[in-house]
Amino acid sequence: MIKKSISYRIFTVFNYFILTLIALICLYPFYYVILASISDPAEFMRHNGLLLAPLGNLTMDGYKMVFKYKLVMSGFQNTFFVLFVGLVVNLIMTVLGAYVLSIRDLMLRKPLSIMIVITMYFSGGMIPTYLNVKELGMLDSLWSLIIPGAISTSNMLIMRSAFLSVPDSLPEAAKIDGATHLQILNKVMMPLVKPTLAVMVLYYGVSHWNAWFNSSIYLRTPSKFPLQLVLRNILVDNQMGDMMVDIASDRTPMMQVLLKYSLIVVSSVPIICIYPFLQRFFKKGVMIGAVKG
Amino acid sequence: MELSRKKKEKTAVSIAPKKTYWQRLGRDLKKNRTAYILFIPVLLYYLVFCYKPMYGLIIAFKDYSPYKGILASPWTSNFGLKYFLSFFQSVYFGRLIRNTLVISITSIVVTFPAPIILALLFNEMQAKKYKGFLQTLTYLPHFISTVVICGMIRMFVDYDGFITQTLAKMGVVDGTLSLLSNKNYFVAIYVLSGLWQTIGWNAIIYISALAGVDQELYEAARIDGANRWKQTIHVTIPSIMMTIIMMLILRLGSVMSVGYEKIILLYNAGIYDTADVISTFVYRKGLLDADWSYATAVGLFNSVINLALVLTANKITKKLTDMGLW
């Protein structure tokens, strides 16, 4: 090993320290939320500043309230519906579009590609899009969260470059054997683009999981709200509805805070548990997207 | 590969008897029938959900009423520009442009260099496992939904939140009100929380660029007597300069588009003065006040500016490298 200078050694110590600090800062707010969700609410309200350990007697009251709250449960249901049905629609549409636009001898390939790429740069914008969904009669239906977002153009372009990277000789050989385009797509291409398909599942899946804005403008009936919209109403707009009625009024504010922290934990812990295993797929997507947007 | 194909096509065309474009197209539609059939749902999607709303933009030039529909609604005065002119003359115009630019440029200045520095620091870390562990921790905020992030920010900066209370102990703020109720703090809250959300994830692209730097360059620099710091200045940074410049140009191309989601979740009527940007204004005017035509006009104005900026940015990056965005 090459001898390191003293200044570089000092730098290395400093570097480990600062990087550890940055990582802790990224982590700490979530740690704080977890502590707050199990601390005694009265003690928590009296406390000011940072927390390192839970305060007072541990309590699960916040979680009990969360799981008793109907809208949270229906929110999970609606989100899973939109997630699964939406994913099926997303994948079918994206694969179809990407595959056809990757067939090199298609005469209309260029004009169709241009027509699609234009939509990445210019769109009708918020109001005409809303009026369009309204005209189509999709307001207050979960389909309004699935159909208008069936394709993300940037995802389709990533998928297309996966198809383009398959050597020409493979589909051509199938064509000589008399395969139709649908057969080529199914039997030849799909097995070869599985890694990119996994990236698509994650990208579309995360965007469905996180989406709240469209549901806030398209949906009216609370029982149809997906989880993120329910969270918005509670965390941001403080709409607690009927869930505080059986709590003594002097305890209401502290129970509200406890509920909010517990709700954050319940809604985010699934993601926090799985993201370390999924991150390499996401990173892959970042790299594909950067090479060819 | 591509070149030889073009050559082949050319010779094929010159040998075969000349056909018109439409004849060739007819044959192509027949030959690739199944491909075109597969594309029909995609085409319909783009027509109904992308191009129809673009057609819907003409309500910016009309007095749209949902009862009359787009076609029957009358054109506005001043050659259809009434709503554009009334926006340009309103007090909102200057305020929205200023806020959009202030939020956007502050974000760039703070959040653009940070991931580069983080990537350089990670690059100097030798312990592989520990490095991977720390990196994974820095991605965490990226995976949490905007609603939850904003819910957390709101609680942390509330009058009794830990950030407000910690700052109050240090004497920076008085700690009796939510920091979000003070219009002077909004940009800082927005930008710093954005830094926290994106620093780890945005470093990925630079970390992988750094991994691709030719190790022989370091060897050569070492032989020339360059220490680690000099190697960073003369080898590492020049090697990733292209990536940095490309990312910066792309980022500058979106300087006039500040996303509405996070702002809608964080702001309140008391701080519109510094927090309201063009997209949130369009949202309020259009979807909350049902002032359809006016909001569409403001949105169209913003889209056109964004388009011009993005196209300029693309042109510049294309000039800088053969690999454009298209």
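Readers should treat all values here as calculations from the given coordinates under stated rules, not as data from a laboratory. All of these numbers come straight from a predicted model, not from anything done at the bench. Ideal geometry is used to build each Cβ from the backbone, glycine not excepted, and the neighbour counts take in all protein chains shown.
Listing for the model above:
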{"quantity": "Listed residues B:LYS169, B:LYS18, B:LYS129, most fluctuating in chain B (Gaussian network, C-alpha, under 10 Å)", "calculated": "B:LYS18"}
{"quantity": "Inter-label distance for A:ARG9 and A:ASP140, nm, one decimal - labels placed 7 Å from Cα along Cα-to-Cβ", "calculated": "7.4"}
{"quantity": "Top positive-direction residue, dipole computed over chain B with Cβ charges, set B:SER73, B:HIS142, B:LEU38", "calculated": "B:LEU38"}
{"quantity": "Helix-only [θ]222 nm of the protein assembly as shown, DSSP H runs n ≥ 4, -39500 (n - 2.57) each, per residue, nearest 500", "calculated": "-21000 deg cm²/dmol"}
{"quantity": "FRET E, pair A:SER169, B:THR136, Förster distance 30 Å, beta-carbon r, rounded to 0.05", "calculated": "0.15"}
{"quantity": "Listed residues A:ILE146, B:MET256, A:MET200: farthest to the positive end of the dipole of the protein assembly as shown (Cβ charges)", "calculated": "A:MET200"}
{"quantity": "Fewest-first sequence of B:ILE153, B:ILE144 by Cβ atoms within 10 Å of each Cβ", "calculated": "B:ILE144, B:ILE153"}
{"quantity": "Rounded to whole Å, sorted largest first: equivalent-ellipsoid semi-axes of chain A, Cα gyration tensor", "calculated": "44, 31, 16"}
{"quantity": "Hz values of 3J(HN,Hα) by residue in region B:29-46 - Karplus curve (6.51, -1.76, 1.60), Gly and Pro given as x", "calculated": "4, 6, 5, 9, 3, 4, 4, 5, 5, 4, 7, 3, x, 5, 4, 4, 4, 5"}
{"quantity": "Region A:90-237: relative contact order in percent, alpha carbon pairs under 8 Å with at least 6 residues between", "calculated": "31"}
{"quantity": "Euclidean distance of C-alpha centroids, region B:239-299 and region A:75-145, integer Å", "calculated": "23"}
{"quantity": "Under 19 Å between alpha carbons - lysine pairs in region A:60-293 that sit 8 or more apart or on different chains", "calculated": "13"}
{"quantity": "Ranked list, fewest to most other Cβ atoms within 10 Å of each Cβ, for A:HIS208, B:HIS142, B:HIS234", "calculated": "B:HIS234, B:HIS142, A:HIS208"}
{"quantity": "Cα-centre dipole for region B:82-320 with unit charges at Cβ (Lys and Arg positive, Asp and Glu negative), debye to 20", "calculated": "320"}
{"quantity": "Chain lengthening between A:ILE25 and A:ASP105 when straightened (0.36 nm per residue, less Cα-Cα)", "calculated": "23.5 nm"}
{"quantity": "Top of B:GLY26, B:GLY200, B:GLY225 by mean-square fluctuation, Gaussian network on chain B, Cα under 10 Å", "calculated": "B:GLY26"}
{"quantity": "Mean separation of Cα contacts under 8 Å, 6 or more apart, over the residue count of chain B: relative contact order %", "calculated": "23"}
{"quantity": "Mean separation of Cα contacts under 8 Å, 6 or more apart, over the residue count of region A:153-279: relative contact order %", "calculated": "16"}
{"quantity": "Gain on full stretching of the segment that runs from B:ALA220 to B:ILE237 - 0.36 nm per residue minus C-alpha separation", "calculated": "4.5 nm"}
{"quantity": "Set of aspartates and glutamates near B:LYS52 by C-alpha distance (under 18 Å), chain-local residues within fewer than 8 positions excluded", "calculated": "A:GLU135"}
{"quantity": "Highest-fluctuation residue, B:TRP229, B:TRP22, B:TRP292 considered, GNM on chain B with Cα pairs under 10 Å", "calculated": "B:TRP22"}
{"quantity": "Label-reachable residues, region A:87-110, where backbone N falls under 18 Å from a point 7 Å from B:LYS19's Cα toward its Cβ", "calculated": "A:104-110"}
{"quantity": "Sum of side-chain charges, B:TYR283 neighbourhood, beta-carbon under 12 Å (Lys, Arg +1; Asp, Glu -1)", "calculated": "-2"}
{"quantity": "For B:LYS62, distant residues with modelled amide H under 5 Å away", "calculated": "B:THR76"}
{"quantity": "Fewest-first sequence of A:ARG232, B:ARG95 by Cβ atoms within 10 Å of each Cβ", "calculated": "B:ARG95, A:ARG232"}
{"quantity": "Square roots of five times the Cα gyration tensor eigenvalues for the protein assembly as shown, Å", "calculated": "42, 35, 25"}
